[in-house]
Structures are given as C-alpha cells and as structure tokens.
Amino acid sequence: MKKVTNVIVAGLGGQGVLKLTDILADVLFHEGYDVKKSEVHGMSQRGGSVSSEIRFGEEIASPMIPEGEADLLVSLDSTQTQINLHRLREGGTVIRPEDEPIGELSNPKCANVLMLGALSRHLDIPEQALLDGIAKFLPAKVLEMNLAAFKLGRKGGLK
Amino acid sequence: MSEKLFLSGNEAIALAAIDAGAHLGCGYPGTPSSEILENVALNGGKAEWAPNEKVALEVAIGASFAGARSFVTMKHVGLNVAADPLFTIACAGASGLVVITADDPGMASSQNEQDNRRYAVAAGVPLLEPSNSQEAYDLFRQAFALSEEFGTLVLFRVTTRVCHSKCVVIRDGSPVTPRPTGYVKDIRNRVMIPAFARVAHRNMRDRLRRLEQRNETGEFSTEKSGTPELGIIVSGISYEHAREAAPEAGMLHLKMTYPAPIELMRNFAAKYQRCLVIEEGDPFLYEQCRIHSIPVEGKPEMFRFGELNVGRVRRIISGAAEDEAPAPAGKPPQLCVGCPHRKSYEVLRDLGCIVAGDIGCYTLGVLPPFSAVDTCVCMGASIPTGLGMRHVLPEKDARRVVSVIGDSTFLHTGINGLVEMVYNRPATGHLLVILDNSTTAMTGLQEHPGTGRKLDHTRTEHRVSIDALVKAAGVDHLDVCDSTLETEKFRSLVQERLASNDLSVIICRRPCILAAAQEKKLREAGK
Ligand code: SF4
C-alpha cells in the first residue's frame, strides 16, 4: 500500500470534533488527496464520547483506521486521550489539550479550531488552504475569533 | 457533466435520487439513514417524513402505481414495520420502486443487529449492496432502471459505515426532470386477490431466475485476480477492509448479493487453494455458497457480532480464534443538561413506578442517575407492554405501571397502543405519559406530523394534534403539563392517576433544548 496518513480526533459530544474533521477532510480533498472520513454519529445527546477519523494519501481503501495504525491522535478532552491511545501506532504523535494554549482563548468554544491549528503543525498543508477551509465551514459572525484560535494553535506552546 | 465531490454515502444516495429523476422519497428517520431524505430536500427533490415506515412504503407503492420513480428510506428495524407491504409488493411486482434499508452492525444506535439481507430472500426481491459513497451513487441510479426492467421492487442495503463515511465521488450525471406520470389500470398486478396472487407468486420466482442470470453476466460484480493461495468473495463495506487487509488476494466483489451469481462464485472459488467469504453480520453469502456446494470458508462465529474492520479481517484470514480484547469503553451518551425528560424521570423514579419505555432519547432514562426505565422493545411497544403487565400483575404492582412514549414515537406506532388501552382496559386502569419535546430528537431533530413543520422545516398549517387524538380515543383524563416548570403538579397528577382505576394520559410538553435552538434559528431566518 502506498503512503497513507491516519488522523484520529477524539472528544466529547458538543466539543466540535466533527466540525474539526469536516474542515480538515474538505481541505485535504481540495488539495487533491484521496480522503476518507469516518465516524459513528447519529445520537443527538451531548456529552458522550465522540471520535472521528481521517485517512488521506494517494489511494485509501477502508474508511476506518486499522487498530494501532493512527499516525496522529488529537484529543479535545483530557478524559478521552487514554482510551484512544491503543489506536496509535508505535511512535505516533498525541496532541493533548493540556499542552496547547486553550486557556488563552477568549471563547473556549473555539478550542476545536485551536486544536486544528495544533494538528496542522504536523501536516504538510498550506496554511492558507486551512484558513479558507475554516471560513467555508464557520458562520461569519464567529469567523474572526476562530481564525485567531487557529493561529494560536498553529503557533503552539504554552506561555 | 462530471464533477468530483466529497460525500457521505447518504449524501451520495440523495444526489443519485435527483440524478435518476426520482419523483418522491418517503421515510421515517432512523440512524444511520436519516440524512438521505434531508439531502434530497436540500438538493431540490421531493422528500417527506411519513409517520412510520409502513406508511412510507405504501405511499411510495402508490406513486409507483402512478408511473413514478419512488423510494423509501429507513433503518433496519423500520423494515420490520414495513414488512407487510414489502412481502406482497414483492410478489405483485413494481416499477421504479427502491427500498433503502440502513443496517447497523455493531449497534451504534439501535436495539438489535438484524441483517436485513435476509429480507431479500424471504420476500423475493433483488438486493444491492454498495461498499462506499461512489458505489452508492452509481448503484442507486442503476436500481431504478433495474426495477423498471424486471418489474420488481429493489432492496438497497447500506450499513452505518457506508452511510456515514465520506469519500470522493465522481458524479457523472446531472439532475433529471421526473418523467410525466399517468395511471394505467392493471388489476392483475395490483389487486392481490388469491386468483391473481397465485400467478403473481410464480411471476416473482420467474423474475428472480432472470435476475440471477443477469447477475451471472458479471454486470454487478468485479473480479480481481490474485496469488493462487487465497481468493475472497466479499460485499458491502467488507470489500474496503478486505482489499486493504489482503491486497495480494484474488477478490470477487459482489454488488448484487441476491439472487447471487452462483456459477460466477463457483468458478472463482475453483481458481484458489483457499476461498473465504468475508461479510459483516450473518453468514448470508456463505450459506448461499454452501447450499450450492461451493467450497468456501466462512468466518468464525465470533465475527458475526459487531462491525468488521481491517484488523478483524486480517484475523479472519489468518485463522486467529483467540478472544478479541474489548476496546476501552468511552463515555456513554446521556440526557443533555437541561433536557426536558430529566424532571419527568426523576418523578417516576421517586414514585417507584414500573416504566414501560420506548425508543428515543428518553430510553437513556434507563441509566443512572434516573434508572427509571424498566422495558424497551421496539417503536410503540411502551403502551401495549405496559398494558400486558397491568393485566396480570397483582394489584399493588399493577398500579405502579406507567407507559412512557415520545411524541414522534407516539405518532409512529403509539396510536395503536392507545386504541388497545381504551378497548382492553385493565382493571386498575392505566397511565400513559407522552413526553412531547416537539421533535424527533435522537435521530437529529427531524420534524414529524405534530411539529407544524415539513421535512425541510418549512411551516405547515396541517399539524396533527396529539391532544385531539388522545381525546378522540376516549380516555378518562387528559392533562398537559411542563414537568420541568411544574414538577410538583406532575408529581401529584401521577400519584392521583395511579391510585385510581381510570385511563389517564399526561402529556409532558416542553421542547428539547436542541430543538428549541433550531426553532429559534429558523425563526431568525424568517421561516
Ligand atoms: S437531544 Fe433533546 S431530547 Fe435528546 S437528550 Fe438532548 S435535550 Fe433531551
């Protein structure tokens, strides 16, 4: 199989896990990759575990990342990191909420977009494509604070 | 025209319906199928929520009788509700009629794991199974043509991962204006009196024979040759897992799995030292192979449960039989903070009620801190199962039984139970609590006949009143309250009604917090 990159995003219902992967998958699609995105959703209620996975590369078969083959795990909630670690490959990267400057956000609702910024440090995607993707998926009135959140995450590092 | 898109299976099916010139899509919401009709409406097609799946299929049958291309969407258990018209129309024949069943292996959001491919055999209709969004788009368009060519309803089976995974789709069609319709009288094929039905049954078997011959041509399958050690016969999402798990293996990928291409499978299997059938759920293709003495190997029983994935397919291939390590448990879903059901359940719990529950967000009342739901079988079962308990329990316990149902579920199949309640009244009476949150919450806030809005959320004056239905049925008491704001009123009402021998209905009316937010947005948008 040709090189495939596997990304898992995990969190709790209502934290914007699916919005994050919607944006990223769309950007990757427009960058010309073969992309598959998969998640189990359909329950409306807030608060339960949610995870969404994206695979991209030249050609993707299964929409689900084989166990132990994820390259990157983005966790939006500290309680969701541990239960997803087994899905990561040896030497894979975990992006934890504790390590990112979420506390600096004026609106904690933008944490998912900040984490997209943090994830983007590990992906070879032009920054502008990601900024355009965010603008496509988020309503105008919250766009500015989300773009700022993205940049904060992309810069990375706690003060 | 050709366009490259990034779509879920459900979005792809919706687009295919538009590009096939479908006149009408009907259904009842159910995970993982709900987004199909929503996307048909978003793309300008005609789509409706019916009160239940049986009604939806019957409307679609009528449209087909009138010369239309029509289709129905539902989750797997919905087909149980629609099974009555399904079996008869399978014999009678139909044209331009497709039923989508969205199965849920692994039960991400369902009460059972039934494999609806069995329905194709039981009813006698062809079965199509796409494995990704592209195939969903291509096959769904083809399904209408197949239905018209052979004069049969086509069953279109998707699964959770096909419905909800997104992948790249080449859309090589464009919207087609639905063709003109018209009525042609044809009583031999539309009035199933025994004299006509006997002929219809023979015709159905003949159609299946011809469909099998067509499937043998290879039109609905692809074959890839591989190393002589291993050949795999596969369908649905399992195809994607298998081609990743065993890229070197030969592969026969079937898209029409009933009537299956027996000789095609036999010839394929003969080319390999070992031939495996890989499929999620029941050993459906495997059994068809074995009945016809095709030497194939199935999967061990443990892989019948849950979804397959690349890892599990690798284990099937390697013959690993050791128990699988369970994945670490995530946090289960709970009633939202501010959910209107919370107070209702607190009261029923504190009063020590035996709660016959139903299907919806409110089934979650079974979990702590409420622990208030005692039974949940299927859509609409709350009222009859509550009545059954009342009929036979000792009086002291009979008085504790309460049936609880949501508004959408009440309109789905709860009405029948209400009629039963009035007609076969238990000696202690009964109490029915309708949790009316003004939406079909669990499946994603769909409208229903009682919300005052249509599938696309536009307003309608033709709203069905649950209150009026309850009154008309002839119960002794009907009360409406908001258990969140009037908790004490609700508590004393429940106590009073349980102590009497009357038939009582209490409607707890307060919108789901997510539906209220949606309603606010719609109003702001002037809708
Ligand atoms: S989605 Fe609505 S009905 Fe369901 S738990 Fe949340 S508030 Fe309650």
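Only the coordinates and a few stated rules stand behind these numbers; no lab work does. None of these values were measured; they are calculated from a predicted model. A quick note on method: Cβ atoms are made from the backbone with ideal geometry, for glycine too, and the neighbour counts reach across all protein chains shown.
Side notes on the structure shown:
- Converting phi to 3J(HN,Hα) with the Karplus coefficients 6.51, -1.76 and 1.60 and the offset θ = phi - 60°, the stretch B:105-113 yields x, x, 6, 4, 7, 8, 9, 8, 10 Hz in sequence order, with x at every glycine or proline.
- Highest to lowest packing among B:488-499, B:135-146, scored as the average C-beta count within 10 Å: B:135-146, B:488-499
- Net charge contributed by nearby residues that have their C-beta within less than 12 Å of A:HIS86 (K/R +1, D/E -1): -1
- Every helix of 4 or more DSSP H residues in chain B counts as -39500 (n - 2.57), and over all residues that averages to -11500 deg cm²/dmol at 222 nm.
- The Cα atoms of the protein assembly as shown give a gyration tensor whose axes a ≥ b ≥ c have a/c of 1.5 or more with a/b no greater than b/c, which makes the shape oblate.
- Scalar couplings 3J(HN,Hα) for the stretch B:58-72, obtained by applying the Karplus form with A = 6.51, B = -1.76, C = 1.60 to θ = phi - 60°, are 5, 4, 5, 5, x, 5, 5, 4, 8, x, 8, 8, 9, 8, 10 Hz; x denotes Gly and Pro.
- In straight-distance terms, cross-link reach from A:LYS136 covers every one of the aspartates and glutamates whose alpha-carbon lies under 12 Å from its own, apart from those fewer than eight places away in the same chain; here that gives A:ASP22, A:ASP26.
- Mean separation of Cα contacts under 8 Å, 6 or more apart, over the residue count of chain A: relative contact order %: 25
- Cross-link pairs beyond the 31 Å C-alpha cut-off, checked among A:LYS37/B:LYS331; B:LYS4/B:LYS271; A:LYS3/B:LYS166: B:LYS4/B:LYS271
- Rounded Å value of the spacing that divides the Cα centres of the stretch A:44-61 and the stretch A:104-143: 17
- Partners for B:LYS527 among lysines (Cα-Cα distance below 21 Å; same-chain residues under 8 apart left out): A:LYS141, B:LYS46, B:LYS454
- Counting Cβ atoms of other protein chains within 10 Å of each residue's Cβ and taking the mean over peptide A:55-65 gives 6.
- Per-residue shielding of B:162-172, expressed as the average number of other chain Cβ atoms within 10 Å of the residue Cβ, stands at 4.
- Anisotropy class of chain A from Cα gyration tensor, a/c 1.5 cut: rounded
- Averaged over the residues of peptide B:308-314, the number of Cβ atoms from other protein chains lying within 10 Å of each residue's Cβ is 4.
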